[in-house]
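The values are calculated or read from the model by the stated rules, or taken from the named source; none is laboratory data. These numbers come from a predicted model, not from an experiment. A quick note on method: Cβ atoms are made from the backbone with ideal geometry, for glycine too, and the neighbour counts reach across all protein chains shown. Areas reflect the complete protein model, heavy atoms only, side chains present, ligands, DNA and RNA absent. Shrake-Rupley method; radii C 1.70, N 1.55, O 1.52, S 1.80 Å.
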Amino acid sequence: MKYYLVAVTLCVFLAAGCAHKSAVVSDPAPSAAAPPAREIMAAPKAEPSPAPSADVSAAKTVGGSLDDYQDIEEPAKGKEEEKVTIADPLEPFNRAMFNFNDKLYFWVVKPVAQGYSKAVPEKARVSVSNFYSNFSFPIRFVNCLLQANFEGAASELGRFIINTVWGIGGLLDPAASKEIDLKKQPADFGQTLGIYGVGQGFYIHWPVLGPSSPRDTVGTVGDIFLYPSIYFGPWEIWAGSRVIEKVNDSSLHIGDYESLKEAAIDPYVAVRDAYVQYRLKKIKHQGGPPPPGVSGLLEDK
Amino acid sequence: MRRPLTIAFTTLIIFLFTLAAYAGVPLDTVQTNVNKVLDVLRDPKLKSESAKEIKKKKLRVIYEQMFDDVELGKRTLARNWNSLTVPQRQEFVILFRQVLEKAYIDKILAYTNEKIVYEREIMISGTQAEIQTKVVMASKEIPITYKVILKNGSWKVYDVVVENVSLVLNYRTQFSDILAKNKPEQLLEILRKKVKGQ
């Protein structure tokens, strides 16, 4: 029994471990942390010239005349894109945790997910992912309601019924097909709090769990109580199911974290920024149209 | 009875055409460029491993037509742009482009016929627009938004937003973090090292 408990605890640890790289990433929409990942056609590139230093004449190869390189007139130029920052008073701790999670990913999570993806074909893994997504419908449904996003809630309810009945208990996702076209509403409790006007606070990089903030940490804990398997008997079942879910998730996103890290100058800051941008947009634009009366709260933070 | 109908039809058609033409330029530009990229990637003559360099070369040419390097660099540095000297700015633009190439070229070359959907075009102002697209894959859809600016008569990309994360903003945070503690020259040195691959 004791060994069993140890094993389960380890599993929980690992389970969440995948969340580490996913947290940013795996949330409702896949890889936020992979802004780069799929830029497929976005950013073909550059000068071959490995010559790292550029003299003035090189300006021509870059394109644009010298005028383009003058001072920016109004330094407010960048302002039109919203400023997205977060306080980071815990930076030394956060950086240490970032490194820890990084090792955890490369030494444990990735090998496990790779082995799993060799054993299970992608189609099956997508189905497993659909199943879990369908299963966690209460989180999205309730949060849509809390956000007064009734259209979203209706859409979630419809998706749940259709996918459970015609999607073999949620293994398939017929509701997303062109004919039905009910979109998944990526609503969570951290987002709900944000829409109510709770600020992010500061940045926390949790060991294992990854990027978060006080608000989103409360959100994550809140959402656990809307996850059905927590009511299905002993907590080991919940933990076990989370492990499978996370391994499965990771297996569908192998490479995303690597791309992000490879593209970054400072991977820690890149992850932090991706997380903040992602959460902010989710609160500002994705909870459906801002519910009447709440929109005022959205304006500042 | 026939006449008015014909006239109505003609008007309607003319109206539709002008509307399409008016709404379409930024989106068309992005689409044309993306299609050029896809043509290179799908070219059966360039399938072999040895043709990789040829592909890269072709992609660079398209990149130059599609992106506004300097605008991208400026927006990424934002107010720090002014603290660099002009030659430093020029070197920065070149280095940053190389960093991006290095980071994304393999991803781009790994393209395997995913479908790209052009969802809509949003005019932000007379000279700026956002083109929302998505890449449809077996297991997921990835929203990609191109931000374009009108310069010298053509629309050029100055930022790419993938899954709600803006490339420019993401690098801006990293660079301003570095520049808060270091001199511009040190930032350039970091970028040089990154390009050299370590």
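A compact table of results
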read-out	value
Whether the range B:74-198 is rounded, prolate or oblate, judged on the alpha carbon gyration tensor where a/c under 1.5 counts as rounded	oblate
Anisotropy class of the range A:179-247 from Cα gyration tensor, a/c 1.5 cut	oblate
16 Å Cα-Cα reach of A:Lys282 towards aspartates and glutamates, excluding residues that sit fewer than 8 places from it in its own chain	A:Asp27, A:Glu81, A:Glu82, A:Asp188, A:Asp216, A:Asp273, A:Glu299, A:Asp300, B:Glu163
Area buried, chain B against chain A - accessible surface, total, 1.4 angstrom probe, square angstrom	6300
Largest to smallest accessible area among B:Met66, A:Met97 [probe 1.4 Å]	A:Met97, B:Met66
Neighbourhood charge, 11 Å Cβ-Cβ cut-off, centred on B:Glu121 and excluding it, Lys, Arg +1 and Asp, Glu -1	-2
Formal net charge of residues neighbouring A:Asp88 (Cβ-Cβ distance under 14 Å; K, R +1; D, E -1)	-1
Of B:Lys55/B:Lys156; A:Lys110/B:Lys107; B:Lys36/B:Lys74; B:Lys55/B:Lys181; B:Lys74/B:Lys134; B:Lys57/B:Lys156, those spanning more than 29 Å from alpha-carbon to alpha-carbon	B:Lys55/B:Lys181
Once the Cα gyration tensor of the range B:15-149 is diagonalised, semi-axes √(5λ) in Å	26, 25, 14
Net charge, A:Cys144 excluded, C-beta distance under 14 Å - Lys, Arg +1, Asp, Glu -1	+1
Cα shape, the range A:110-192, gyration tensor, a/c 1.5 rule	oblate
Relative contact order (%) - the range B:91-165, alpha-carbon pairs under 8 angstrom, separation at least six	19
B:Thr32 paired with B:Ser125, simple spin-label distance in nm, labels 7 Å along Cα-to-beta-carbon	2.5
Dipole of chain B, positive end: most advanced residue of B:Ile124, B:Asn164, B:Val136 [Cβ charges, Cα centre]	B:Val136
Inverse mean reciprocal Cα-Cα distance (Kirkwood Rh) of the range B:56-129, Å	14.8
